[in-house]
Amino acid sequence: EPEVTQTPSHQVTQMGQEVILRCVPISNHLYFYWYRQILGQKVEFLVSFYNNEISEKSEIFDDQFSVERPDGSNFTLKIRSTKLEDSAMYFCASSGEGNTEAFFGQGTRLTVV
Amino acid sequence: LAKTTQPISMDSYEGQEVNITCSHNNIATNDYITWYQQFPSQGPRFIIQGYKTKVTNEVASLFIPADRKSSTLSLPRVSLSDTAVYYCLVGENRGSTLGRLYFGRGTQLTVWP
């Protein structure tokens, strides 16, 4: 069964450092998303991406964040100058044309110290 | 955006049928009802989606009354591995694109031996 894969599974970084979280969406999907979940909190939408541009973003997705599809298979989330409150599980998801469901990856646990 | 209300937690025993009800009084005409499941430290996983009446797949059934102001996810004969958080989501069907998903707190289902 096709799946969304994320790397790394766990990343520890110092406050102020930049991190890049990587995702390989399902190969024939066209819509890509990043969500995050702070420990014990709700799953929160960050951004959606289609046709090489952001289609929607939440208020959380400020100038500190950026997304990129650098090649035909990867989808990345960059967080510049990380803060302690960025510590969370970050989930990548993808969906296909006409799909009614999003397929989520296993997540990257980001810990900012 | 239709707000959803579901129980914070439920307990069951192995082999029993579990019904989780979600209220969405302000559901709009174009809104679909979708349920996701999330295990600890994993991304949400699509279970089932419906618009009205009853939908059944290999995992669950979804019952939606005529007024669509609530829905019930039914899990037949649960096992220990069904212990998870279950989310009820209500969102617009945008045709070709899924759009952002709004997750609430969900229902923590615990299945006991």
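In the context of the full set of protein chains, chain A has a per residue accessible area of 50 Å² (1.4 Å probe).
For the protein assembly as shown, carbon and sulfur atoms together expose 48% of the accessible surface, with a 1.4 angstrom probe and every protein chain in place. Counting every alpha-carbon pair across the protein assembly as shown, the share separated by more than 23 Å comes to 49%.
Peptide A:51-62 has a mean shielding of 1, counted as Cβ atoms of other protein chains within 10 Å of each residue's Cβ. Indicate the residues belonging to the stretch B:6-51 that lose 20 Å² or more of solvent-accessible heavy-atom surface (probe 1.4 Å) upon moving from the chain alone to the assembly of all protein chains, ignoring ligands and nucleic acids. Those are B:36, B:38, B:41, B:42, B:43, B:44, B:46, B:49, which lose 20 Å² or more relative to the chain on its own. Each of the peptides B:45-57, B:80-92, A:38-50, A:7-19 was scored by the mean count of other Cβ atoms within 10 Å over its residues; in descending order, highest first, they stand as B:80-92, A:38-50, B:45-57, A:7-19.
Normalised by 2.2 N^0.38 Å, with N the number of residues, the alpha-carbon radius of gyration of the stretch A:50-113 equals 1.22. At q = 0.09, 0.12, 0.14 Å⁻¹ the log10 of I(q)/I(0) for chain A amounts to -0.21, -0.37, -0.51, computed by Debye summation with a single uniform scatterer per C-alpha, solvent ignored.
Here residue A:57 is the anchor, and the lysines within straight C-alpha reach of less than 19 Å, apart from those fewer than 8 places off in the same chain, are A:42, A:78. Taken residue by residue and averaged, Cβ atoms of other chains lying within 10 Å of the Cβ of A:38-45 number 4. In whole percents, the pair-distance distribution calculated for chain B from its alpha-carbon pairs, binned every 10 Å from zero, is 15, 49, 30, 6, 0.
Annotation for the A:B interface, with buried accessible surface near 1900 Å², both sides summed [1.4 Å probe; non-protein components not counted]. Summary of the geometry: the stretch B:1-41 and the stretch A:69-99, compared by the centres of their Cα atoms, lie 26 Å apart.
Averaged over the residues of A:97-110, the number of partner chain Cβ atoms lying within 10 Å of the residue Cβ comes to 4. Surface analysis of the stretch B:1-76 yields an accessible area of 54 Å² per residue, using protein heavy atoms and a 1.4 Å probe. Look at the dipole of the stretch A:5-95 built from charges on Cβ: of A:46, A:33, A:8, the Cα furthest out on the positive end belongs to A:8.
The values are calculated or read from the model by the stated rules, or taken from the named source; none is laboratory data. Note that this is a predicted model, so its numbers are computed, not measured. Using ideal geometry, Cβ is built from the backbone for each residue, glycine included, and neighbour counts are taken over all protein chains shown. The protein model used for the area step is the full one, side chains on, heavy atoms only, and it has no ligands, DNA or RNA in it. Shrake-Rupley method; radii C 1.70, N 1.55, O 1.52, S 1.80 Å.
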